[in-house]
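Comments concern the structure below.
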Amino acid sequence: MSWKRETVRFRHFYVSYPAEHIIQVTINRPDKLNCIDKATSREIAQVWEELDRDETLWVGIITGAGRAFCTGADLHEWNDMNKAGVVNDMAAPGLAGLPRRDGKKPIIAAVNGICMGGGFEMVANCDLVVAASSAVFSLPEVKRGIVPVAGCLPRLTRTLGLQRTMDLVLTGRTVDAKTLYEWGLVTQVVDAAGADGDKLVVRAALEVAQAMCRNSPDALIVGRTGVRMAWEEGSVEKAVSALEREWYPRLVQGANFREGIQAFVEKRSPKWRDSKL
């Protein structure tokens, strides 16, 4: 099929295209529990830039190989930087291009296992989180004299609430996927027991991504923007006004807006075009 592309392998991750309109990043450093060095962060950030730039790509997925999703930054690299007197740069978009990403297309985290530190910061800013029932999450930075400042503190406070975020940040304790599902961060928990558990989680995330891709790509972008505005802005009305003023006119001028309505009237499935937004 024309949408199929070759898998592209990098040193610590690979990029694949598991279905039409979908791009997937798999962190592949299992011997280091998928911790990410600065070079890898820059490379993955470029993948998300490709997602936003390529009109044929509508949704992204990120997961990990082995028993970890991601255990955050490479602290061996940090230690070398400390010895050299180099202060680590925490500027946007952050680890793997995710904690402070402000891109326009949705990304789903398929959390297959251990998700710690910067890995948790990455997940906190993904649009949906599908997690294995065996996945565990923690922000252990406090135990190493570090604070998670790449973006997750205000984001998790918005999502989980003040006291629950304080609990995680100030104790560094580990919580399971079921707990975070009940708290509202994880959107789906997958029973992923056995050797193929990581594949089951990715398959579930792919099913969600494909469900998204049955919809208008224009609506995916504008709908996501509206939700993000509500999350980021202090004023609900300000977010509503900005969406109505800046994004809705662009949506209605696109071919997919007319196609969705016409397909409904004609009682047929819509034939979406790649988004020009």
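The values are calculated or read from the model by the stated rules, or taken from the named source; none is laboratory data. In this text, all values refer to a predicted model and were calculated from it rather than measured experimentally. Cβ sites come from the backbone with ideal geometry, for glycine too, and all protein chains shown count toward neighbours.
Of the numbered criteria (1) free of Cβ contacts under 8 Å to residues at least 24 places away in the same chain; (2) crowded, with 18+ Cβ neighbours inside 10 Å, the one Gly145 fails is (2). For the range 123-180, taking the residues that are of a type in the set (Asp, Glu) and assigned to a helix (DSSP H, G or I), the one that is modelled with the highest pLDDT is identified as Asp167. Take the conditions (1) assigned to a loop (DSSP other than H, G, I, E, B); (2) more than 27 Å from Arg203 (Cβ to Cβ); Lys105 misses just one of them, which is (2).
In a residue-by-residue description of the range 73-91, the property of being part of a strand (DSSP E or B) and either of a type outside the set (D, E, K, R) or without any contact (Cβ under 8 Å) to a residue 12 or more places away in the chain (or both) applies to at least one position.
Asp218 fulfils the conditions (1) closer than 22 Å to Asn125 by Cβ; (2) out of contact with any Phe, Trp or Tyr (no Cβ under 6 Å at 6 or more places or on another chain); (3) part of a helix (DSSP H, G or I) except for a single criterion, (1). Tell me yes or no: at least one residue of the range 222-241 is more than 30 Å from Ala255 (Cα to Cα) and out of contact with any Ser or Thr (no Cβ under 6 Å at 6 or more places or on another chain). Checked against the condition, which is being more than 30 Å from Ala255 (Cα to Cα) and out of contact with any Ser or Thr (no Cβ under 6 Å at 6 or more places or on another chain), the range 222-241 yields at least one hit. Cβ-Cβ distances below 6 Å connect the following pairs, each with a first residue in the range 152-173 that is free of Cβ contacts under 8 Å to residues at least 60 places away in the same chain, a second residue that is of a type in the set (Phe, Trp, Tyr) and part of a helix (DSSP H, G or I), and a separation of six or more residues or different chains: Leu160/Trp183; Arg164/Trp183. Checking each residue in the range 39-60 for being touching a residue at least 40 places away in the same chain (Cβ under 8 Å), of a type outside the set (A, V, I, L, M) and either in contact with a His (Cβ under 6 Å, 6 or more places away or on another chain) or assigned to a loop (DSSP other than H, G, I, E, B) (or both) picks out Thr40, Glu55, Thr56, Trp58. Here's a check for you: in the range 73-112, which residue that is surrounded by 13 or more Cβ atoms within 10 Å (Cβ to Cβ) and among the charged types (D, E, K, R) is nearest to Pro140 (Cα to Cα)? Among those that are surrounded by 13 or more Cβ atoms within 10 Å (Cβ to Cβ) and among the charged types (D, E, K, R), it is Asp74.
Going through (1) more than 18 Å from the chain's Cα centre (by Cα); (2) outside the structural domain of Gly66 (by TED's automatic domain parsing); (3) of a type in the set (Gly, Ala, Ser) one by one, Gly223 falls short only on (1). Mind listing whichever residues of the range 10-24 are more than 16 Å from Gly72 (Cβ to Cβ), in a strand (DSSP E or B) and in contact (Cβ under 8 Å) with a residue 12 or more places away in the chain? Tyr14, Val15, Tyr17, Pro18, Ala19, Ile22, Ile23, Gln24 - these are the residues of the range 10-24 that are more than 16 Å from Gly72 (Cβ to Cβ), in a strand (DSSP E or B) and in contact (Cβ under 8 Å) with a residue 12 or more places away in the chain. Kindly establish whether Ala204 is closer than 25 Å to Thr56 by Cβ, surrounded by 14 or more Cβ atoms within 10 Å (Cβ to Cβ) and in the same structural domain as Leu57 (by TED's automatic domain parsing). So Ala204 fits the description; yes. As a summary of the residue check, Ala205 satisfies the conditions (1) touching a residue at least 24 places away in the same chain (Cβ under 8 Å); (2) assigned to a helix (DSSP H, G or I); (3) touching a Phe, Trp or Tyr at 6+ places or on another chain (Cβ under 8 Å) except for the one numbered (3).
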